[in-house]
Structures are given as C-alpha cells and as structure tokens.
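Please find one structure pasted underneath; my questions will follow.
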Amino acid sequence: MLISSISFAFVNLLVKVLTNSSRVFEFIQDYPPYEIVFFRSVISLVICFYIIKQKGIPFFGNNKKWLLIRGVFGATALTLFFYTIKNLPIAVATTVQYLSPIFTVLFAIYLLNQKVKPIQWLFFIISLIGVGVIGFGKSSSVTAEINPLWVMMGVISAVFSGVAYNAIMKCKTTDDPITVVMYFPLVATPVMIVIMILKGAVMPVGVEWLILLVIGIFTQIAQIFMTKSFHEEEASKITPFKYLGAIYAVCIGVFIFDENLSLIVYAGISLILTGVLLNTFLKQIIQKIKRN
C-alpha cells in the first residue's frame, strides 16, 4: 500500500506538471486533463489486453451491466479529478478525492445492503464540514487560489468514484480483476477521442512522451500493488496507509509548486482525513468484534 500511495502521488505530480507546466517547467506544454486521461487509458488498455489474452478469459467479461457502470463512472471521476488537480492546490484536490470511501459506504447501503452504524454518520459529517472549511478558505499564495466551484467538482468526482467502487464489488464474484480494471480504459479511450476531436488536443513532443508513458505505467503499478495489498491483508488494517498520500501531496505542493495554504485550509484537510480515518478504524473494530 505504501508503494501504491507513493506511485499515485507521483502520477498526480506529473499530471500537475502537464496541466500547469508554466509554474515550474516552462519548457513543457500545458495539456487539457481529458488528453492526459486518453493517454493513460491507451497505455492501460494495452496492458490489460495483453494480460487478458494470456489468461484466456472472456474479453468483455460476464457482468457487463456493472462492468460498464464501473467504466463510465470511473472514467468520469478520474477526468474530474485531473481537472481539480489542474485548478486547485494538489493537497486540496487529493484530500477531497479521499471522500470517495464515504460515498462508497453510502451507495453500498442501497446497492449492497450494507449496514451503517449511527456514529458513522457523525464521521461523514466531520469530513463534509472539512470540505466546507476548504471551500471558504484562502491560500497565502497567488499560485494556490481555491475556487469553491472546483472544490465541489472534487466532491462530485468522489461521488462518482463511490459508484465505481460499488460496481467493482458487484463484479467481485463474476469477473476477473483485470477485466474490471480494463473496463475503465475501454470506456474512457473512445470518449476522450471524441472530446479531443471536438475541443482540440496538444501534440506531445520530446520529454512529454516520456512523462505521459510514465503516468500510464505508474498508474498501473499503483493499482496492482493496491490490489495485492487488499488480497494479502484486511482492508481495515492497510487502508490508513493509503491516506499518507495527503502528506505527500502537501509536500509536493509546498516544495515543488510553491502552494502555500492557510491554516484554515489545513484545518479543512485535517477534518476530511479525520472523518475518513475514524470510519476506517470503526470498521476495523467491528470486524474484530464479529470474529470474536
């Protein structure tokens, strides 16, 4: 999980470089987020296609309804997330995205018949208050302005991620994990091609090809190690390590992009992480009680 979180942080750093290159790397062109999603999807699709062919499993899977839902909502969530990375301090964009486990639980109440303890609602409210605090907070740097509209886009991205995660759980017993992963690029690639035709695209040159390739490869590495960690250990024990990504994001924002945030914004980030972590620890306690 540590390798996964570091890999995701590195990917987010490179996305920030490609969408806001003028801040630090003036020799790199600015890319629209949907084009980065396209290149990421193409690389992932090639890798998934190779693995599926080697395994000899059905390419389009079995539970096509939920696989398609996973692809649509996952692709939308990632595109919105990349837009928030472009338009918000990277620490804020990353932390708001961590609301996705909360929305995963909320949707699971109706889709998977999961039960929620009354105190979990308090934890959810704490995290949402953190979003409000960030939305009204201000940075102390002109390079790190916080627009409440983009904060809300980050919340919507987390909502869509919540639906995508529930779709993944719906396919847990019907399809191979690589098929579930593959439906994201399978949906995203043609959609992003249409958007690029309509809105235009930037032709990569030089080192930009390498950056786009690294984004795709490290995303795949992050997903593989995250999946492996969940297979080897209980989710409640390893999930907290995932949120170290918020610390990485703060460091990246401060030391690379000169994003100096106010104490109010840091307080909002802390509230979001507090609510999410308390919910995670509560689930760990509940699981121990059930085992005993």
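On average, how much accessible surface per residue is there in the chain, in Å², for a 1.4 Å probe, leaving out ligands, DNA and RNA?
Ligands and nucleic acids excluded, the figure is 48 Å² per residue.
For the chain, calculate the relative contact order in percent as a whole number, restricting contacts to Cα pairs under 8 Å that are 6 or more residues apart. Don't skip to the end; give the middle numbers.
Numbers: 420 pairs, mean separation 112.0, N = 292.
Averaging sequence separation for qualifying contacts and normalising by length gives 38 percent for the chain.
Which of the lysines could be linked to Lys64 by a straight reach, that is with a Cα gap under 20 Å, when you skip same-chain ones fewer than 8 residues away?
Lys53, Lys55, Lys170, Lys172
Which three numbers, in whole Å and largest first, are the semi-axes of the equivalent ellipsoid of the stretch 16-126 derived from its Cα gyration tensor as √(5λ)? Could you put the intermediate results ahead of the total?
Details: eigenvalues 178, 142, 17 Å².
Semi-axes, largest first: 30, 27, 9 Å.
Determine ³J(HN,Hα), in whole Hz, for all residues of the stretch 102-116 in sequence, where each value follows from phi through the Karplus function 6.51 cos²θ - 1.76 cosθ + 1.60 and θ = phi - 60°; x replaces Gly and Pro.
5, 5, 4, 5, 4, 5, 5, 4, 9, 8, 10, 6, 7, 9, 10
Within the stretch 172-292, what whole-number % of the accessible surface is contributed by carbon and sulfur, with the 1.4 Å probe and all protein chains included in the calculation?
73 percent
Can you list residues whose amide H is under 5 Å from Leu261's amide H, if they're 5+ apart or on another chain and H is modeled 1.01 Å from N?
Amide H to amide H, under 5 Å and 5 or more residues apart or across chains, Leu261 pairs with Ser140.
Additional query: Cα convex hull of the chain: mean projected area in nm², to one decimal?
15.4 nm²
Additional query: Under the 0.36 nm per residue contour assumption, what length would be gained going from the current alpha-carbon distance of Phe59 and Asp30 to full extension?
6.9 nm
Oh, and also: Taking DSSP loops as anything outside H, G, I, E and B, show the longest stretch in the chain free of trypsin sites (Lys or Arg not before Pro) there with at most 15 other beta carbons within 10 Å. Kindly include the intermediate steps, with their values, before the conclusion.
Values: sites that count: Lys115, Lys138, Lys172.
No qualifying site falls inside 173-292, the longest such stretch.
Excluding ligands and nucleic acids, what accessible area in Å² is computed for Trp66 using a 1.4 Å probe, to the nearest 10?
About 40 Å², ignoring ligands and nucleic acids.
The values are calculated or read from the model by the stated rules, or taken from the named source; none is laboratory data. What you are looking at is a predicted structure, and each value in this text was computed from that prediction instead of being measured. So basically every Cβ, Gly included, is an ideal-geometry build from the backbone, and we count neighbours across all protein chains shown. SASA here: full protein model, heavy atoms, side chains in, ligands and nucleic acids out. Shrake-Rupley method; radii C 1.70, N 1.55, O 1.52, S 1.80 Å.
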